[in-house]
Each structure stands twice: as C-alpha cells, then as structure tokens.
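See below for the structure under consideration.
The values are calculated or read from the model by the stated rules, or taken from the named source; none is laboratory data. Here the structure is a predicted model, which is why all the values come from computation and not from measurement. Heads up, the Cβs are rebuilt from the backbone with ideal geometry, glycines too, and the neighbour counts pull from every protein chain shown.
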Amino acid sequence: MALRDTASLLVGLLALLHTWGALADVEVNMEDKVEVFSQGTAQITCMFKSAEGIGGMNIQWFYAKHSGSKDKQRIYFQDSIVKTVDKGTPFTDRISMNGTGATEAVVLTISNVQLRDEGEFICIIRSLTEGAGEGRTKLMVFAVPDDPTIEGVQTGVSVNEPNPSKIGSCEVRKGYPKPNITWYKNNTPLRNSPGVEVSSFTTTESSGLYSVRSELRMMVKKDDKDAEFYCEVTYFVPGATMMKETAHINVTVYYPPTAVNIWVESPKGKIKEGDTIELHCTDNGNSPSSVITITHLKDDISWETNEKLLENVTRHDSGEYACTSEDMNTFDDISSNITVFVNYLDPAVVRPKDTVVVDKGDDLTATCNALSSLQTFPEWSKNGHRVSDAHTLILKNATFDMAGTYSCVVTVRDIEGMKTSGELRVHVQGAPEIIKKDSTEIVTFEEAVELSCHVRGYPSPTITWTTSDGKVIKSASETETEEGTQSVVSVKVASNITAYCNASNEHGTDVVTFKIKVKTTLHTTTQATTTTTITTISSATVVTETANPPKQIVKETNGFVIAIIIIFILLLAILGSVLYFLYKKGKICGRSGKQDLSKERSSKDNIVVEMKSDNTEDAILLGVNGEKQPPNDQ
C-alpha cells in the first residue's frame, strides 16, 4: 500500500513537471492596462508564440473583477474549428474577436464600455501538444465629472469665534474614478492643520459614478476679509490627469474696530449760521453687534447713527461732537471727537438809528458795526454809489445834496454770501431850496402847460402855485423824492401868463417864476390869379393866360407878409419896364429900332399885367412903362 502511494506520487510529480514545461513552451504577451472612456470601445490585444509553431491552438478569454482574483469567468472560446462567445455573461452581446491562431495575435473588442466592465481580462493560449500560456490586461474606465461648484457662507464669520468657522463647501458630481478636491486661499492650498479643517464626503451614484463634496472650516483673522477662496478639482482621463477650478469667493469677516473717525462731510471749509452740516462717523471694524453713536457733548444729545444732518445751524450748534463705536456683545467701546465751529454775523447796527436830522452847514458822524466771529468789512453807499469803506460815515458842512438814504453793508470776505446791512435816513434841515431849471421861459402852442417844481428842504416845505394876477393854481400833485418834494401842476393858457412856484417852511421861503408865452399861427389862402400876356408879332396877336395856383401865406402880426407882397409888386414893375425897353429897341417881336417913337400907340401894342393882392379888392394895372392903368382901360 505504501509502495502504491509512493508510485502514484512519483507519477503525479512527473506529470506536474511536464505541464510546467508545456506552459513554458507557449509565450503570451499583453499590455498591463487599457484605458477607455465610459461608453467607448476597448480593444485588448493578446500576442503569443510557441516553440513548436502555431499548430492547433485554442484561445480562451476570461474576466476577473479584481486583479489577481482566482474567481474568473470565461467569456470567449476559440479553436481551429469553432468560435464561441459564452452566453449569460455581461459581455455576451458586446464583444468580438479579431484574428486567428495563425496570426500569433488576437484582439478582443468590447463595445459600449460600462463602468462595471472595469477589471482584469485574461487571455489563455493552449497548444494541443506543447501546453498553454496566459496573459493579463487591466481595463480601466473613465468618466469626466461635471464642473465643480462652490458656495460660501452667507452669514459671515467672526474672528472672535473659539472654534474654526465654516467658510464654504465645494462639490463635484459624476466623475470616475473618484475626483479629488483641494481648497485654496489666495493661491495657497489648504490642508488639515491647526486652525484649518478640511473634510470630504463621497457619494456613489446608482450609475457607479462618484460625487465628492468638501467642506472648509478655519479660524479667520481680520486680514481674511479680503481673502479669496476657491477649490481645485483633479480628475483622470485616459493617459492624463485634468484639473478644473471653481469660482473665487469672498466671505464676510466680522472683527471689532480698533479706531473710529468722525468728520464734517459738508459744507467744505468754514461753516456759517444757516448752513446744513452733514456729520459722518465710521470705524475700521466690521461687526454686526457694533453700534455707532454721535453725541453733541455740550448739550449731551446723542443720535444712534453713523450720519447726522444738522439743518439751519446757529452758533449754539458749535462745540465738540463725539463718535462712539460700542460692541453690544462685549460692551467694549472706542470713540473719537471733532470740534465744530459755526461762524456768525449779527445784524448791522447803525448809529444814529433809522433817521437823523442835521442842520444845514453842520457836521454828522454815523457808525455801522456788526458783531461777527470773523473780520468784517463795511461799505457805505448812497443811490448805488460808494461813499465810504470805513465803519464811520462823516458828513461835513451838510448840504441838501447830502440828504437821502445811506446803506451800510457789512461783509465777511472769508465766507461767500455772509453779509448784513442797515440803513440811515438823513434829513438836512434848512430853508426851502428850489432846484432851478435851465430855463423858466416857456413858449407854447398848446392850450395847457405842465409845470414842475422840485423843492429841497426840511421840514418838507409847503408848495403853492400862483399866477401874476394873484390867483392860486390848484390840482397840483406832489411826490416825495430822495432830495425833497416834487410838485407838478397843469396850467391852462389862453394868453401870455406868469406862474409862480412858492415853497416855504419854518426856516424860510423860495420861489421860482415861469413865464409862459402863447404863440399863434394864422393860415390864409390867396385867390387864384390869372396873368394875361398879350404879345403882338407882325399882324398876329397872341394872348397867353397863366392860371397861378392859390398860395398859402402865413401872416404874422408884425406885417412880414405885407412887406413880401410889396417887394413882389416892385419886381414885376421892373420886369415890365425891361420888356418895354426891349420892345422899343426892336429886340423882340421883329421890330426895328428906327421905328417912330412918336407914333400913336395902339392899345394892342400895350402889355398889360393885372396884379391882385390879398390886401385889397382893387386890381392894379401897370403898363410896360410903369404907369397905372384904370381898370376899365384893360
């Protein structure tokens, strides 16, 4: 029995040695890994060779979920006669084989690769005489994840927190293999360390893809108020490692103030009464529990605000204002002060006040002052003309010209629009004085004349109008002016008249005379006259009649028109004499100079001129020799 067992052991050992030698006689070569995207196509190559040649070989493919696992599943078989895809495997409908045993290489093609396909694929080549060889390739499947997202805390974090505060969270979904998330602050990676906590959570989707969520907690400082946080996601693709960044975020960091500041936002520069002051107050902290208060220390009035509007301020609003920032959790406070000064300018005070009466020839001294916090500059003026730049106004040897209203304006030049004013009415007391006109003689064609009389003096004079015959002219109108009183009266005139303006007060009287002359104009029209000229040429007689249009002659009462008519008649007489002389000499009408002058003159030879004057109804007939002809001799 023992011998039998020993023989069996030796036979088995020899068989094992033979099998090992046979396995060694078939050489199989395969890639360590094949990488492919999910839903892609994978090709796994199995190359082999045998010391005895190709011969009759069979090829088998197996799949193992885990590398090195002995638990494997055949998915394909091929020999020189048949090619078979095993039924009931995850690859039954998705694999195919290229090549035969004669080519010393076969390629297993897997279509529509799934995440569950990832594992080890085993190629076994077996020779009918020489033994078998085996090779393994790991199939790796990849899926690109969605873009990563980041979300920061909305409530803010405080530097006073005793434990790390949550900053935010990052998430990347549906990647394969599992993506990695790294946190950054201002381009510096953050990892678990004192004051920094990074935690990650992985979720496997039903599809086999991975979703990763990472959360950052840390102890913040004041400097972190400007820090930028973001995440970097690393994922894998066939043959490479890829990276995606999230958006950069900034979180609100709460920290207590170390200083406060208060200032006047407006107006800029010096402040005057009536302005609106805008006070601003701020601290350099950032804490929701801090409260800012503005206080007017003089009046102990506080306003819980960081901006205060003081409208229509007065000098009483001057003083020190404090800005206080208090943490309501710790009750720690910090404050700062500012001094506000409101400049003022009191109303102008004029002395003497309002109205003053000064005797003509006397002196007057007036003053104008206004109390102010700044230097003032006075100016006296009258009727828009400057008369003095001093606080004191001096009028020497007063005259009526100095009477009137004086205005005093006090200005603060350091602040635009800051000024005040007052007035002084000056009356110069004395006898009336009528402001004489250049001429008081009036020549008029009108039926009424308007006379004006301007009187100066104080007390205001009484003005009356009279005529040379002692009559009083009524219905006069009087107007007060800066210089005195102006009286206007309308006088009806029918003939020359003299009018008087009489002014009087308790100090004396004055009078002015107006001489009014009435000028009249008489309009007369001359009757139309006809001039007949009878000229004898040989035996023919030519009669010419000229109708003269009527002439308007303006006759004045001094006889000027009569003189003109006489001169005109004399000129006609001279003209007739000249014409007669020429006729006798034969210079006209073809007559000879030797003609007998003693020949009786015919009435046809006479040149008769008929002249009519508007001064007489009779006609005057003149012959060529200047002799008068009776009317019936024409």
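If you scan the stretch 275-305, which residues turn out to be small (Gly, Ala, Ser) and either over 37 Å from the mean Cα position of the chain (by Cα) or surrounded by fewer than 17 Cβ atoms within 10 Å (Cβ to Cβ) (or both)?
Ser287, Ser289, Ser290, Ser302
Could you please find all residues in the stretch 348-373 being in contact with a Phe, Trp or Tyr (Cβ under 9 Å, 6 or more places away or on another chain), surrounded by 15 or more Cβ atoms within 10 Å (Cβ to Cβ) and within 29 Å of Ile271 (Cβ to Cβ)?
Those that are in contact with a Phe, Trp or Tyr (Cβ under 9 Å, 6 or more places away or on another chain), surrounded by 15 or more Cβ atoms within 10 Å (Cβ to Cβ) and within 29 Å of Ile271 (Cβ to Cβ): Val350, Cys368, Ser372, Ser373.
Any chance the stretch 264-279 includes a residue that's part of a loop (DSSP other than H, G, I, E, B), assigned by TED's automatic domain parsing to the domain that holds Lys308 and touching a helix residue (DSSP H, G or I) at 6+ places or on another chain (Cβ under 9 Å)?
For the stretch 264-279, residues part of a loop (DSSP other than H, G, I, E, B), assigned by TED's automatic domain parsing to the domain that holds Lys308 and touching a helix residue (DSSP H, G or I) at 6+ places or on another chain (Cβ under 9 Å): present.
What do you reckon, is Glu197 farther than 28 Å from Glu118 by Cα, in contact with a His (Cβ under 8 Å, 6 or more places away or on another chain) and among the acidic types (Asp, Glu)?
no
Select from the stretch 243-260 the residues that are in a strand (DSSP E or B) and surrounded by 13 or more Cβ atoms within 10 Å (Cβ to Cβ) and list them in ascending order.
Lys244, Glu245, Ile249, Val253, Tyr254, Tyr255, Val260
What do you reckon, is Ile110 closer than 30 Å to Thr182 by Cβ, aliphatic (A, V, I, L, M) and either in contact with a Cys (Cβ under 7 Å, 6 or more places away or on another chain) or surrounded by 16 or more Cβ atoms within 10 Å (Cβ to Cβ) (or both)?
no
Restricting the stretch 461-475 to residues that are closer than 16 Å to Val488 by Cβ and among the hydroxyl-bearing types (Ser, Thr, Tyr), which is surrounded by the fewest Cβ atoms within 10 Å (Cβ to Cβ)?
Top of the filtered list is Ser475.
Please count how many residues of the stretch 199-214 are assigned to a strand (DSSP E or B) and either buried (at least 18 other Cβ atoms within 10 Å of the Cβ) or not assigned by TED's automatic domain parsing to the domain that holds Lys225 (or both).
4
Give me the pairs: first residue in the stretch 282-302 and assigned to a strand (DSSP E or B), second residue surrounded by 19 or more Cβ atoms within 10 Å (Cβ to Cβ) and aromatic (Phe, Trp, Tyr), beta-carbon distance under 7 Å, and six or more apart or on different chains, which are they?
Here the result reads Asn286/Tyr254; Asn286/Tyr255; Ile294/Tyr321; Thr295/Tyr321; His296/Tyr321, each pair linking the stretch 282-302 to a residue that is surrounded by 19 or more Cβ atoms within 10 Å (Cβ to Cβ) and aromatic (Phe, Trp, Tyr).
Can you pull out every residue in the stretch 408-454 that is touching a Pro at 6+ places or on another chain (Cβ under 8 Å) and of a type in the set (Gly, Ala, Ser)?
The answer is Gly422, and nothing else.
So which residues in the stretch 78-101 are within 16 Å of Val28 (Cβ to Cβ) and either at pLDDT 95 or above or not hydroxyl-bearing (Ser, Thr, Tyr) (or both)?
Gln78, Met97, Gly99, Gly101
Of the residues that sit in the stretch 150-170 and are among the charged types (D, E, K, R) and more than 46 Å from the chain's Cα centre (by Cα), which one is surrounded by the most Cβ atoms within 10 Å (Cβ to Cβ)?
Lys166
I need a count of the residues in the stretch 411-424 that are surrounded by 14 or more Cβ atoms within 10 Å (Cβ to Cβ) and either assigned to a helix (DSSP H, G or I) or free of Cβ contacts under 8 Å to residues at least 60 places away in the same chain (or both).
Total meeting the criteria: 1.
Just one of Asn112, Asn180 is in contact (Cβ under 8 Å) with a residue 40 or more places away in the chain, in contact with a Ser or Thr (Cβ under 8 Å, 6 or more places away or on another chain), under 30 Å from Asn29 (Cα atoms) and not small (Gly, Ala, Ser); which is it?
Just a single option satisfies the conditions, and that option is Asn112.
Please work out if Lys244 is free of Cβ contacts under 8 Å to residues at least 24 places away in the same chain and basic (Lys, Arg).
No; evaluated as a whole, the condition is false for this residue.
Any residue in the stretch 441-456 that is assigned by TED's automatic domain parsing to the domain that holds Asp510 sitting within a Cβ distance under 7 Å of a residue that is of a type in the set (Phe, Trp, Tyr) and in a strand (DSSP E or B)? List the pairs, counting only those 6 or more apart or interchain.
If the second residue must be of a type in the set (Phe, Trp, Tyr) and in a strand (DSSP E or B), the pairs left are Ile442/Phe514; Leu451/Phe514.
Residues being of a type in the set (Asp, Glu), closer than 27 Å to Ser302 by Cα and outside any strand (DSSP E or B): count how many of those fall in the stretch 328-356.
Here the count works out to 1.
Residues that are within 29 Å of Gly361 (Cα to Cα) and not hydroxyl-bearing (Ser, Thr, Tyr): find the strands (runs of 3 or more DSSP E) completely inside the stretch 455-515 holding 3 or more of those.
Strands (runs of 3 or more DSSP E) meeting the threshold: 497-505.
Taking the stretch 65-84 only, how many residues are assigned to a loop (DSSP other than H, G, I, E, B) and either farther than 18 Å from Met140 by Cα or small (Gly, Ala, Ser) (or both)?
9
Checking the conditions here, which among Arg116, Arg136, Arg173 is of a type outside the set (S, T, N, Q), out of contact with any Lys or Arg (no Cβ under 8 Å at 6 or more places or on another chain), surrounded by 16 or more Cβ atoms within 10 Å (Cβ to Cβ) and assigned by TED's automatic domain parsing to the domain that holds Trp61?
Of Arg116, Arg136, Arg173, the one residue that is of a type outside the set (S, T, N, Q), out of contact with any Lys or Arg (no Cβ under 8 Å at 6 or more places or on another chain), surrounded by 16 or more Cβ atoms within 10 Å (Cβ to Cβ) and assigned by TED's automatic domain parsing to the domain that holds Trp61 is Arg136.
One line per residue, one yes/no per condition, for (1) closer than 19 Å to Ala143 by Cβ; (2) touching an Asp or Glu at 6+ places or on another chain (Cβ under 7 Å):
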{"site": "Glu171", "(1), (2)": "yes, no"}
{"site": "Tyr176", "(1), (2)": "yes, no"}
{"site": "Glu245", "(1), (2)": "no, yes"}
{"site": "His248", "(1), (2)": "no, yes"}
{"site": "Pro257", "(1), (2)": "no, yes"}
{"site": "Gly269", "(1), (2)": "no, no"}
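Working carefully through the options Asn343, Asn286, find the one that is closer than 30 Å to Leu393 by Cα and not aliphatic (A, V, I, L, M).
One residue alone meets the criteria, Asn343.
Go through the stretch 437-454 and give me each residue that's in contact with a strand residue (DSSP E or B) (Cβ under 7 Å, 6 or more places away or on another chain), in a loop (DSSP other than H, G, I, E, B) and surrounded by 11 or more Cβ atoms within 10 Å (Cβ to Cβ).
Thr440
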